[in-house]
Structures are given as structure tokens and as C-alpha cells.
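Values quoted throughout were computed directly from the atomic coordinates according to the rules given, and no laboratory measurement underlies them. Quantities reported herein were computed from a predicted structural model and do not represent experimental measurements. As a convention, Cβ positions derive from the backbone with ideal geometry for all residues, glycine included, and neighbour counts pool all protein chains shown.
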Amino acid sequence: MKTTGNTILITGGGTGIGRALAHRFHDLGNTVIIAGRRMQPLVEAIGDRPNIHALTFDMDDAASVAAFAEKLVAEHPSVNVLFNSAGIMRIEGPPDRFRDLSDAEASITTNLLGPIRVTNALIGHLARTPDAVIVNVSSGLAFVPLVIAPTYSATKAAIHSYTESLRAALKGRVEVIELVPPAVQTDLTPGQKTNERFMPLETFADQVIARFQQTPTPREILVEGVDFMRNAEAEGRFDETLAALNPFLA
């Protein structure tokens, strides 16, 4: 992936990882469109930066996604990079008893169906656009789950699998990259932004950009420390990594 001269769409670009990466790619000379449900966080993320634009849509609604894609391509026909960054994380508790599944259903709709819908709506345009790239944001939890967030972990595992299929299907036409964050200091869950055990957001964004600037761009963007989870099963230490991540399992 080239890192300058793109027109980049970042879903969930008003907050957290999406916002930080929007700023980093804008600093490199890209036009950036950030998208989300509410305009106010998007406006705040833009600040006084030129060539960052905001569009609202509801990725949980198929009709909204379709209308958004049509508007995006009409207003920004040069868009060639899609970052599927938007997502939610709900702490559900271990799935060892009957429970309300509303959080699980919301997680699946937003974290899995959302990126699939956005990709589906834009794939025709991207497939005929030079230097086209799709970046799907998964998680270290795709590879070693957090038991108190089982559906979130499962959706990220599904995004990993979906990305592998997408890469094979689009080979030679659209570059497909997976970004695998560790625990990062954002507002994804209560208290996460100030948790000193988590990677600072700015450090994460710096490392992500450094890896995108490698030639060739890695098919998986793995920042410092997340390979411990990414490679746990392949290295024969899945059980011990699961226990380390979920100390209450002991």
C-alpha cells in the first residue's frame, strides 16, 4: 500500500484508533474521509485540518450503508482505500448461564455484518480503482479470546477469517490487509483509556504507520506485543496464553 496520495475512508474515524489513524494518514498527505453515526465526534476529529471530510451513516442498517456508499463515491470518486475500523465491545460475562443476548446481537451486527456490508457496497468501485486497498481491523482477541467478551472475540476471529477469504478472492485487484491491535488506551470500554497495562494510543498509531511504510506492506499489521496472542496457537502455547489473558479461569 502506498502511504501518500490516497483518498482514504475510515469508518469509526471520529474516535479511538480510527481517529488516530485518520490524523496520521492525513499528515502523510492523504485525503481522508471519516465516517460514523454522529457528526459531532467527526467534526471534533477534523478540527482545523484541511482535506479531512465527514460523512454520517448507520452501519447497522443495510439501507443506510447502501446510501452512504453511493454518496461517498459521488462526492469522492477517487476513494481507493477502505479502513473498516468501526466497532463496539460489550462485556457480557462468561457464557455459562442463560443471559440476555442483546449485547451479543449488537456486537455481531456492528463488528461483523457492518464491515461486510461496507465492503460489499464499495467493492465494485474499489475493484476498478488503481492502488485499491481494504484494511480490516481485527484484534489480538481474534486469536486468544477474552472470556468475558466472548461475542466480541468471536466477531474479530470472524473478521480474520473473512479477511483471509477476501484477500484470496481479490488477489491482483485489491490489496487486503489485516490490522491486529492489542489492548489500546481508547474509550472502547469503561476504564480502558487510563489502563496503564494497555498500549498508549499515540504509540500504537506511530507503530502502525511505521509498519504501513514497510515495503512491501505486511499482509498483517502487528504492533509490538500483539504477536504473543497472534502466534499462540501456532507456537503451541494457546492454553497458557488463554490462562494468562483470563486469570479468573484459574
Amide hydrogen neighbours beyond the local backbone of I134, cut-off 5 Å, H modeled = L82, E175, V176, I177
note = In the chain, taking the dipole from +1 charges on Lys and Arg beta carbons and -1 charges on Asp and Glu beta carbons about the Cα centre, the listed residue (Q192, L245, F212) farthest towards the positive end is F212
remark   = Given Cβ charges of +1 for Lys and Arg and -1 for Asp and Glu, the option among I116, I17, N6 whose Cα lies farthest towards the positive end of the dipole of the chain is N6
note = Which residues qualify? For G13, with a placed amide H closer than 5 Å and at least 5 residues away or on another chain, they are A35
remark   = Here, Q40 and A66, labelled 7 Å along Cα→Cβ, have an inter-label distance in nm of 3.1 nm
ask   = Taking Cα atoms, how many degrees apart are the long axis of helix 201-212 and the longest axis of the chain, rounded to 10 and kept between 0 and 90?
value = 60 degrees
request  = Place a +1 charge on the Cβ of each Lys and Arg in the chain and a -1 charge on the Cβ of each Asp and Glu, then give the dipole magnitude about the Cα centre in debye, rounded to the nearest 20.
outcome  = 500 debye
remark   = The ³J(HN,Hα) series, computed from each phi in the range 231-236 with the Karplus coefficients 6.51, -1.76 and 1.60 at θ = phi - 60°, rounded to the nearest Hz and given as x for glycine or proline, is 9, 4, 5, 4, 8, x
ask   = What does the charge count near N30 come to, summing +1 for each Lys or Arg and -1 for each Asp or Glu among other residues with Cβ under 12 Å from its Cβ?
value = +1
note = Taking K156, K2 and counting other beta carbon atoms within 10 angstrom, the fewest-first order is K2, K156
request  = Counting other Cβ atoms within 10 Å, keep those with at most 14, restrict to DSSP loop, and tell me which trypsin sites (Lys or Arg not before Pro) in the range 179-211 are left.
outcome  = R197
query = Taking only Cα atoms, what is the 0 to 90° angle, nearest 10, from helix 150-169's long axis to the longest principal axis of the chain?
reply = 50 degrees
query = Among the chymotrypsin sites (Phe, Trp or Tyr not before Pro) within the range 1-105, which fall in a DSSP loop and have no more than 10 other Cβ atoms within 10 Å of their own Cβ?
reply = F98
query = If the chain between E202 and F98 were fully stretched, how many nm would it gain, using 0.36 nm times the residue separation less the Cα-Cα distance?
reply = 33.5 nm
inquiry  = Roughly how far apart, in whole Å, are the Cα centres of the range 198-236 and the range 1-61?
reply    = 21 Å
query = Could you give the dipole magnitude of the range 1-140 about its Cα centre, charging the beta-carbon of Lys and Arg +1 and that of Asp and Glu -1, in debye to the nearest 20?
reply = 280 debye
query = What is the dipole size for the range 185-250, taken about its Cα centre, with +1 at each Lys and Arg Cβ and -1 at each Asp and Glu Cβ, in debye to the nearest 20?
reply = 120 debye
